[in-house]
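In what follows, a structure is listed as C-alpha cells, so that the remarks can point back to it.
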C-alpha cells in the first residue's frame, strides 16, 4: 500500500524547501526531489544576493517583506549595489529611479566622484549611477539547509532521487492524488504543490493541469581572477542596461552577462559565447587585468509570460497548487513568498510579514 500525505511538494530547491517548511505544521508533508540531492539546479548555482530592485517594482513587496527575516536569521551580509550607466543611457537612470518611487526601496543617484570611490579603476565613459545601499549577500546554502531542517522538524519527509512520472486522481470525485515516480514508488496526497522550478509546466502536464507558459532561461556566471584583486567591500555592480553584473566573492570576481536565453528544462551548462560577451563587456567597465578565467557555470531562471511568480490553487484543477515562476528573485523573496503561499493554501490568516502583499497579482487565475 502506498504512503499517504496531506500535501506533496514537488521540487526541493529553495521554493520547495521553503514552502514545505511553512506547510509542515499544518499537516503531513512529503518533499519529492528528482535529483540525488536537494538544490542541485538553480538554488545551488545562485549569485547569492538580496537586491530590493531586482525583479522590478511588483516584486519589491516580497523582497522587502523577506529582508528583515533574512537579516534577523543571520543569512545576509551588507554589500550595497551600484547601477551604472554610460552618458547615452542617462535617461534610463532617471526612468529607473522613477519606477521605484513610492515602493519603499532606498535608492539615490550618485556623482562620478562617488562612483570612482566605490569602483576604483572605473573607465571614464561611465558617468551616471544609482546606489542601493541595502543590497546584501545571501548565504544561500545556509538558508536552503535551514528550510530543509525546519521542514524535517515539522515532520516533513524529504525524498531525493524521486522524479515524478505520472499522476492520477485518487478516489471518486477527484479527491486527492496518486503520484508515481521513476523508481517505482507510489504516494498518495490530498494536495499537490508544484515547486518544480524549470520543470513546473512539465509537472502541470503530468497532473493534467494546463501549463502556464513558465519558461526556463539560462543565466551564466564566470569566476575571474583579476589584478588588482577586488576590494571585498566592492558593491554589486550592475549595468543599468541589463548587460552585466559583477561582485567580489572570496578574493575572486563573479561576472555575469545577465543573459536570459530561453531553454528547455535541463542541467544547464554555460555557452562559450556568453562568457566571452561578459568578459568583453567587463573590459569596457574597469581597467583591471583579467589574470585567469577560473570557473564558469549556468543555471535556469523560470518566468511566466508577465515575469511575475505564480502562487495559488489552479482555478481549473482542484488540489493543484502553483509555487513557481520565481525568476532570479526566488531566493531573496523566499521567506515572504513561502509564508504567503502556505497561508493561501491552508486558509490561515496573514501575519505581519505578509499583510501588505497583494496576493492577487501572483495568482494563477490571472491567466484565465
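Tabulated data
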read-out: Answer from 117, 109 - the residue that is without any contact (Cβ under 8 Å) to a residue 40 or more places away in the chain, over 30 Å from residue 202 (Cβ atoms), assigned to a strand (DSSP E or B) and in the same structural domain as residue 227 (by TED's automatic domain parsing); value: 109
read-out: Boolean, residue 269 is more than 30 Å from residue 125 (Cα to Cα), touching a strand residue (DSSP E or B) at 6+ places or on another chain (Cβ under 8 Å) and either surrounded by fewer than 20 Cβ atoms within 10 Å (Cβ to Cβ) or not assigned by TED's automatic domain parsing to the domain that holds residue 129 (or both); value: yes
read-out: Criterion violated by residue 124 - all others in (1) without any contact (Cβ under 8 Å) to a residue 40 or more places away in the chain; (2) in a loop (DSSP other than H, G, I, E, B); (3) closer than 30 Å to residue 310 by Cβ satisfied; value: (3)
read-out: Out of 72, 56, 67, sole residue that is surrounded by fewer than 16 Cβ atoms within 10 Å (Cβ to Cβ), outside the structural domain of residue 202 (by TED's automatic domain parsing) and in contact (Cβ under 8 Å) with a residue 12 or more places away in the chain; value: 56
read-out: Elements of type strands (runs of 3 or more DSSP E) contained in segment 207-259, each with 3 or more residues being over 30 Å from residue 168 (Cα atoms) and over 20 Å from the mean Cα position of the chain (by Cα); value: 215-227
read-out: Residue among 295, 281 that alone is outside any strand (DSSP E or B) and modelled with pLDDT of 95 or more; value: 281
read-out: Check on residue 352, in a loop (DSSP other than H, G, I, E, B), modelled with pLDDT of 95 or more and out of contact with any strand residue (DSSP E or B) (no Cβ under 7 Å at 6 or more places or on another chain); value: yes
read-out: Which listed residue is surrounded by fewer than 15 Cβ atoms within 10 Å (Cβ to Cβ) and under 27 Å from residue 57 (Cβ atoms), from 98, 139, 89; value: 98
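The values are calculated or read from the model by the stated rules, or taken from the named source; none is laboratory data. Every value quoted in this text rests on a predicted model; they were computed, and no experiment measured them. Virtual Cβ from ideal backbone geometry, glycine too; neighbours counted across all protein chains shown.
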